[in-house]
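Below is one structure; the comments refer to it alone.
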Amino acid sequence: MKDTIFQIFSDAASLKSKIASDDKFLSTVDKAASVLKEATNSGGVIYACGNGGSACDAMHLTEELVARFKRERPGIKAMHFIDGGTISCWGNDYSYEGVFKRYAETFCTPRDILVVISTSGNSKNLILAAQAAKERGTKVIGLLGKGGGSLLAMCDVAVVVPSESTERIQEVHISIIHAFCEILEGG
């Protein structure tokens with residue numbers, strides 16, 4: 001078991017070390033953070049969505065912004081599209097594929113940002129949400145992996161983790177989310 005645990009930590013550290021020295025990757029994260037900061041400074045809302053573990057990451061991002069990350073400060077307007085009642089209602093009455101699209105149609109405006117989080121970049125419900133957001137003039141930031149998938153071309157800024165491993169991509173996504181929170185809090 002120790003060998004397995006060592007390999008997990010070693011792989012995670014290797015990937016993070018690789019991207020920490022990749023100026024292009026860091027510049028993309030910086031650009032995404034700048035877009036988020038510009039939106040929040042002008043009164044926009046950060047919306048976020050994802051599936052499975054990425055849904056949890058979307059919730060993590062928004063709760064850190066609304067509540068606090070490290071510093072005492074006013075709340076930052078943010079909301080996730082992961083309400084169980086809405087998802088089950090729309091999924092039952094229409095389709096699960098359209099639930100995030102419905103959220104985007106309902107809430108997104110040109111002042112806002114939609115953060116789509118997907119390890120593959122190919123989740124149909126996120127693709128539809130990104131399309132709906134773009135139709136409303138909302139900028140889309142993608143936290144993606146595995147080459148970016150179909151969402152890559154739909155994002156104003158796409159941060160693509162250079163990995164094919166879902167769990168490693170998720171680990172980097174949460175580090176990016178923490179970087180966003182640090183920057184948005186003025187760190």
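Between GLU185 and SER95, how many nm apart are label points set 7 Å from Cα along the C-beta direction?
4.1 nm
Using the crude model of +1 on Lys and Arg Cβ and -1 on Asp and Glu Cβ, and no other charge, please compute the dipole size for the chain relative to its Cα centre, in debye to 20. Mind showing how you got there, number by number?
Numbers: 20 positive and 22 negative charges, 60 e Å.
That gives a dipole near 280 debye.
Give me PHE25, PHE100, PHE180 sorted ascending by neighbouring Cβ count inside 10 Å, so fewest comes first.
Details: PHE25 18, PHE100 30, PHE180 24.
Lowest count first: PHE25, PHE180, PHE100.
May I ask you to list the residues of the stretch 144-187 whose amide nitrogen lies under 18 Å from a point 7 Å from Cα along the Cα→beta-carbon direction of SER34?
155-160, 179-187
Give me D for the stretch 94-187 in µm² s⁻¹, whole number, from Stokes-Einstein with Rh from the Kirkwood sum over alpha-carbon pairs, 10 °C and 1.306 mPa s. Don't skip to the answer; put the middle values down first.
On the way: Rh = 13.5 Å.
Rounded, D is 118 µm²/s.
How much length would be gained if the chain were fully extended between CYS56 and ASP23, taking 0.36 nm per residue of separation minus their Cα-Cα distance, in nm to one decimal?
Values: separation 33, 0.36 × 33 = 11.88 nm, distance 2.81 nm.
Gain in length upon complete extension: 9.1 nm.
Determine, for THR28, THR138, the number of other Cβ atoms within 10 Å of each Cβ, and report the residues in order from fewest to most.
Details: THR28 17, THR138 24.
Arranged by neighbour count, lowest to highest, THR28, THR138 become THR28, THR138.
Quick one: what does P(r) look like for the chain with 5 Å bins over all Cα pairs, in whole %?
Histogram of Cα-Cα distances, whole percents per bin: 1, 8, 17, 21, 20, 15, 9, 5, 2, 1, 0.
Return the long-range amide H neighbours of HIS80 (sequence gap of 5 or more, or a different chain), with a cut-off of under 5 Å between placed amide H atoms.
Those qualifying (amide H under 5 Å, at least 5 residues apart or on another chain) are ALA48.
Past 19 Å, Cα to Cα: identify those pairs from LYS18/LYS146; LYS18/LYS124; LYS70/LYS139, in the order given. Walk me through the numbers on the way to the answer.
On the way: LYS18/LYS146 16 Å; LYS18/LYS124 30 Å; LYS70/LYS139 26 Å.
In this structure, LYS18/LYS124; LYS70/LYS139 exceed 19 Å between Cα atoms.
With θ set to phi - 60° and the Karplus curve 6.51 cos²θ - 1.76 cosθ + 1.60, what are the ³J(HN,Hα) couplings of the stretch 139-146 in order, to the nearest whole Hz, using x for Gly and Pro?
Working through the residues one at a time gives 6, 10, 10, x, 9, 10, x, 6 Hz.
Strictly greater than 14 Å: what percent of every Cα pair in the stretch 115-163 meets that?
Numbers: 421 of 1176 pairs.
The calculated P(r) of the stretch 115-163 puts 36 percent of pairs beyond 14 Å.
None of the figures in this text is laboratory data; all of them are computed from the coordinates on show. Since this is a predicted model, take the numbers as computed values, not measurements. Glycine also receives a Cβ, built like all others from the backbone with ideal geometry; neighbour counts cover every protein chain displayed.
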